[in-house]
1. Mind listing whichever residues of the range 92-114 are at pLDDT below 90, assigned to a strand (DSSP E or B) and either within 12 Å of the chain's Cα centre (by Cα) or not polar (S, T, N, Q) (or both)?
2. Which of the numbered conditions does V91 fail, given that it passes all the others? Conditions: (1) buried (at least 23 other Cβ atoms within 10 Å of the Cβ); (2) touching a Leu at 6+ places or on another chain (Cβ under 8 Å).
3. For the range 63-91, give me each residue that is in a loop (DSSP other than H, G, I, E, B), of a type in the set (G, A, S) and more than 10 Å from the chain's Cα centre (by Cα).
4. Restricting to the range 115-154, count the residues that are surrounded by 17 or more Cβ atoms within 10 Å (Cβ to Cβ) and either in a strand (DSSP E or B) or modelled with pLDDT of 85 or more (or both).
Amino acid sequence: NNGYPTLQMLGKTEDGFINVNGEIEVQPEDPIAPEETRTLHEILSQTSEQDVVALPNDIDWNGLAWTPIGTEENPFNATFDGRGHTVKNIVISSAQFNSAGIFGVLGENAVIKNITFENVVVTSGQYVGIVAGKNYGTITNVKVKTTSDNYKGINVTTNNSLSAGSVVG
């Protein structure tokens, strides 16, 4: 896992629900056996529209680099339910991203809920936010906070027209 925090999970079920704690949210007739250990980023990057990813506990990303999930052409359209947990210490830094945040672009069917993002720094793009660069979906009960001087929130590095915000650009 190259130092990235990892989670154990089950594969996708017929009805598309995933629990990163290795539990099936809606019990299928034939549960899928546990698969490889994957990072939160890998799990979120590989979701489809019907998927629900639910956190079992807090995650410390340890200041490692994070690539925004979702683009204008292929937005994130699943549900990410933090269940009241915190994901912290994430660094997003590259001028190549037009829309930057934990999620680059949230599509119309995306739902991000019940989570705190702590100590996230985003340096990039024209649309910059901690949670998402662009949002066409639903964000509810999401908190953004900084508790360390090493993470200063949003740094805009473009002279093009832009939108920046603490939650969504």
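The values are calculated or read from the model by the stated rules, or taken from the named source; none is laboratory data. Values in this document were obtained by computation on a predicted structure and should not be read as measured data. Cβ placement follows ideal geometry from the backbone for every residue including glycine, while neighbour counts extend to all protein chains displayed.
1. Passing the criteria: I92, A100.
2. Every listed condition holds for V91 apart from (1).
3. G63, A78
4. Residues in the range 115-154 being surrounded by 17 or more Cβ atoms within 10 Å (Cβ to Cβ) and either in a strand (DSSP E or B) or modelled with pLDDT of 85 or more (or both): 23 in total.
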